[in-house]
Amino acid sequence: MTRLSRPRAARTVAAALAATGLLGVAACGGGTAEQVTADGAVTVQFWYGVSGAAGDYLKQKVAEFNDAHRGRITVEASYQGGYEDTFAKLAASIQTGDVPTLMQASDVQSAYMRDSGIVEPVQDLLGADGRTVADGLLPIVRNYYETAGTLWSMPMFVSQPVMYLNNAVLREAGVDPAGLRTFDDVLGAAQTIHRVTGRAGLTFPVDSWWAEQFAAASDRLWCTPGNGVGDTRATALNADDPALLDLWDRLAAMYADGSLANLGTSGDKLVGALSAGTVGILFNSSGGLSAVEKAKIDVTVAPMPRVSDRTGSAPGGNSLWVLKEGKDDARLRAAAEFVRFVGSAAFQGDVLKTTGYLPSTAEAAQAARASADANRRVLLDNEARTPATPVTAGCHLGALNEVRADVRTAMARIAAGESPREQFAEVQDKAETAVRRYETRVEATRK
């Protein structure tokens with residue numbers, strides 16, 4: 001396996017991280033403490049950033065892996081305090097080469113993990129098995145994590161946006177859930193709910209992920225060329241797309257008339273509003289299903305609205321990356337075993353039942369369907385039926401972390417009554433600067 005020397009790799013990733021605004025962020029200390037003993041037993045570090053049900057499930061599965069590989073491989077998993085904290089610690093550690101072998105990164109971090117120069121694509125790591133593993137992924141999942149024909153990381157916990165419908169509120173308003181297929185259907189229903197009941201018809205998190213999902217559902221690229229999943233990196237944002245601006249104009253009007261509720265970013269607050277019946281429809285991640293179920297109300301899960309069957313939602317969630325920086329073959333072979341485990345039915349088979357996240361492989365999805373209730377079958381159907389296109393691959397922009405922060409600010413201002421066109425024009429200008437800075441710094445390390 002070809003690996004970068006530590007100084008060159010450190011410069012490469014440090015520049016990439018600086019371009020995202022993460023280098024220099026304070027992070028907790030501690031080394032990786034990896035080792036290979038005289039008898040060949042390997043210990044590798046794994047940094048992760050999920051908590052709650054997914055975190056508990058992950059710890060259970062790591063223990064199962066270690067039991068099955070006792071005396072040969074030990075994966076030491078350590079929670080780093082969330083995705084951003086985990087990545088900040090990587091930024092702080094990379095300059096010394098003291099990094100883990102395994103790292104969980106969120107979907108938004110995919111492009112600059114790939115550009116960093118310190119990761120080993122899992123397809124290459126797995127050798128002859130790499131193509132078989134990629135072929136076993138569900139099309140929409142492979143569509144996101146494979147770039148230019150190479151699977152760079154192993155999908156771990158997959159999510160998609162969905163609608164949660166409070167059936168009691170919809171019945172009171174006379175809204176038929178079966179008729180909620182397009183944005184016109186859903187936004188019209190939200191206005192009907194507000195007019196008839198006085199409640200807000202719709203809410204969703206004031207989070208930039210939703211701007212990206214609205215683009216995918218509208219059959220529009222959020223970044224170009226081709227959302228960055230082809231041979232060329234994405235170098236521009238499409239925040240000023242006329243069709244998307246028209247949608248945001250309508251959402252702004254609904255914020256103003258009360259049919260769309262601004263409840264901020266708190267998942268607990270959003271689910272609480274749905275549970276209390278103060279809102280009829282919630283756009284949220286499929287990963288939030290377990291929280292909705294705890295409320296014990298009559299809720300139906302439905303696919304997100306979209307303009308046609310040729311489009312749909314981009315997956316979210318997280319994936320497993322292998323860092324080759326300073327790693328010998330023994331550690332990389334151990335990492336390959338854990339990568340295979342994460343992609344296996346032993347790991348993916350109970351993801352949906354236990355956490356609300358979606359399985360990444362066709363085999364696991366089929367197994368999950370056998371015991372799935374009606375709402376989970378909707379999630380599985382939505383994942384299986386989403387067409388794999390550049391639009392539904394989601395935006396793979398190296399500067400996306402910085403851009404998302406600007407989009408989130410714009411969305412909050414729109415919810416507070418400011419002009420969508422002015423806000424997204426500002427986002428577009430800032431994105432051009434962020435991308436130019438990112439591309440300049442990354443390219444400089446490759447000369």
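Projecting the Cα atoms of Ala362, Asn284, Ala68 onto the charge dipole of the chain (Cβ charges, centred on the Cα centre) puts Ala68 farthest toward the positive pole. Only Lys, Arg, Asp and Glu carry charge here, each on its Cβ (+1 for the first two, -1 for the last two); on that basis the chain has a dipole of about 480 debye about its Cα centre. Counting only DSSP beta bridges whose two residues both lie in the chain, roughly 65 percent are antiparallel. Amide H contacts of Gly317: Asp107, Ser159, each under 5 Å away and 5 or more positions distant or on a separate chain (H built 1.01 Å from N in the peptide plane; Pro and chain starts excluded). Backbone amide hydrogens, once placed in the peptide plane, bring Asp350 within less than 5 Å of nothing, excluding anything fewer than 5 places away on its chain. Solvent-accessible surface (1.4 Å probe) assigned to Ser313 amounts to roughly 10 Å².
In the chain, the DSSP-assigned H stretches of four residues or longer account for a calculated mean residue ellipticity at 222 nm of -14500 deg cm²/dmol, using -39500 (n - 2.57) per stretch and the full residue count as denominator.
Among complete DSSP H helices in the chain, those whose alpha-carbon atoms stretch at least 18 Å along the helix's long axis and whose mean Kyte-Doolittle hydropathy reaches 0.0 are 6-20, 183-197, 242-257, 329-342, 400-415. Close amide H pairs (under 5 Å, H built 1.01 Å from N) link Ile73 with Val42, residues at least 5 positions away or on another chain. Sequence-distant contacts, meaning Cα pairs under 8 Å at least 6 residues apart, place the relative contact order of the chain at 26 percent. For the chain, the share of accessible area belonging to carbon and sulfur comes to 49 percent (1.4 Å probe, ligands and nucleic acids excluded). Here the 3J(HN,Hα) profile of the range 291-302, calculated from phi with Karplus coefficients 6.51, -1.76 and 1.60 at θ = phi - 60°, is 5, 5, 5, 5, 6, 6, 10, 7, 10, 10, 8, 9 Hz, Gly and Pro shown as x. Excluding ligands, DNA and RNA, the accessible surface per residue across the chain is 37 Å² with a 1.4 Å probe. Using only alpha-carbon positions in the chain, the gyration tensor eigenvalues give semi-axes of 37, 26, 18 Å once each is multiplied by 5 and square-rooted (largest first). With N counted as the residues of the range 311-447, its alpha-carbon radius of gyration over 2.2 N^0.38 Å works out to 1.41. The alpha carbons of the range 155-281 give a radius of gyration and a Dmax of 16.1, 51 Å, in that order.
The values are calculated or read from the model by the stated rules, or taken from the named source; none is laboratory data. Note that this is a predicted model, so its numbers are computed, not measured. Cβ sites come from the backbone with ideal geometry, for glycine too, and all protein chains shown count toward neighbours. These accessible areas exclude ligands, DNA and RNA; they are computed on the full protein's heavy atoms, side chains included. Shrake-Rupley method; radii C 1.70, N 1.55, O 1.52, S 1.80 Å.
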